[in-house]
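The values are calculated or read from the model by the stated rules, or taken from the named source; none is laboratory data. Every value quoted in this text rests on a predicted model; they were computed, and no experiment measured them. Note: ideal-geometry Cβ built from the backbone for every residue, glycine included; neighbour counts use all protein chains shown.
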């Protein structure tokens with residue numbers, strides 16, 4: 001009888017502990033261009049706090065729609081304001097304003113650098129080039145905006161191969177399936193063998209910023225992770241992987 005009661009007690013203790021154990025795990029939905037940063041940040045955060053953090057990576061638009069469909073994310077990190085605002089309008093992020101945790105640049109990369117790097121129109125019409133799909137990928141929208149600003153979009157768009165996120169575009173360039181790709185500056189630093197051939201003027205496209213926020217149903221550890229990203233340790237990681245500091 002004593003052994004039976006002890007077994008019941010231990011089973012009840014395990015069940016009671018499950019919610020607390022689950023609350024230690026933070027699920028982060030992050031833009032695909034943040035893969036390397038998130039690998040390092042989640043490891044550093046877990047070492048510092050003991051909380052486990054797991055990451056799901058995709059285009060900001062896909063992740064936002066998944067959250068809207070009920071996916072259990074604690075934190076959403078978007079590569080532009082549009083999709084963060086989209087979730088905010090649906091009351092799916094916490095009421096406080098999302099924080100900007102990093103910036104970035106927009107560049108053209110290629111496995112074989114052209115002789116003349118000063119003319120993006122020439123670079124992008126010398127064969128096919130890859131970019132994020134501008135219908136829903138932030139990097140693609142920045143690229144379309146920059147090319148339109150420079151008067152090049154109508155000239156080059158028929159040479160474009162559209163990827164489901166910016167890392168797909170980067171991979172196509174890395175494998176030599178396209179002559180060039182338009183990606184973030186941080187992406188170029190992540191892949192050895194790809195040369196930076198052109199940097200778009202910052203004024204040619206909206207500012208590239210990464211915003212992070214806790215979701216409406218976030219667990220208790222979400223604020224700690226946001227604080228880690230925005231704090232000194234997180235900012236060192238962003239800088240290490242080629243991201244710019246948050247705009248003042």
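Summary table
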| read-out | value |
| --- | --- |
| Lone qualifier among 170, 196 - being touching a helix residue (DSSP H, G or I) at 6+ places or on another chain (Cβ under 8 Å) and part of a helix (DSSP H, G or I) | 170 |
| Sole residue being at pLDDT 95 or above and either assigned by TED's automatic domain parsing to the domain that holds residue 143 or buried (at least 23 other Cβ atoms within 10 Å of the Cβ) (or both), chosen from 92, 63 | 63 |
| Within the range 199-208, considering residues that are in a loop (DSSP other than H, G, I, E, B) and touching a helix residue (DSSP H, G or I) at 6+ places or on another chain (Cβ under 7 Å), the one surrounded by the fewest Cβ atoms within 10 Å (Cβ to Cβ) | 206 |
| Checking residue 86 against (1) at pLDDT below 95; (2) assigned to a helix (DSSP H, G or I), the condition it does not meet | (1) |
| Answer residue from the range 112-134, given it is without any contact (Cβ under 8 Å) to a residue 12 or more places away in the chain and closer than 20 Å to residue 154 by Cβ and is surrounded by the fewest Cβ atoms within 10 Å (Cβ to Cβ) among those | 119 |
| Failed item, numbered, when residue 211 is tested on (1) at pLDDT 95 or above; (2) in a loop (DSSP other than H, G, I, E, B) | (2) |
| Selection count where residues are over 18 Å from residue 190 (Cα atoms), in the same structural domain as residue 29 (by TED's automatic domain parsing) and either part of a helix (DSSP H, G or I) or within 15 Å of the chain's Cα centre (by Cα) (or both), scope the range 222-248 | 11 |
| Residue satisfying all of: in the range 159-188; over 21 Å from the mean Cα position of the chain (by Cα) and more than 15 Å from residue 140 (Cβ to Cβ); surrounded by the most Cβ atoms within 10 Å (Cβ to Cβ) among these | 179 |
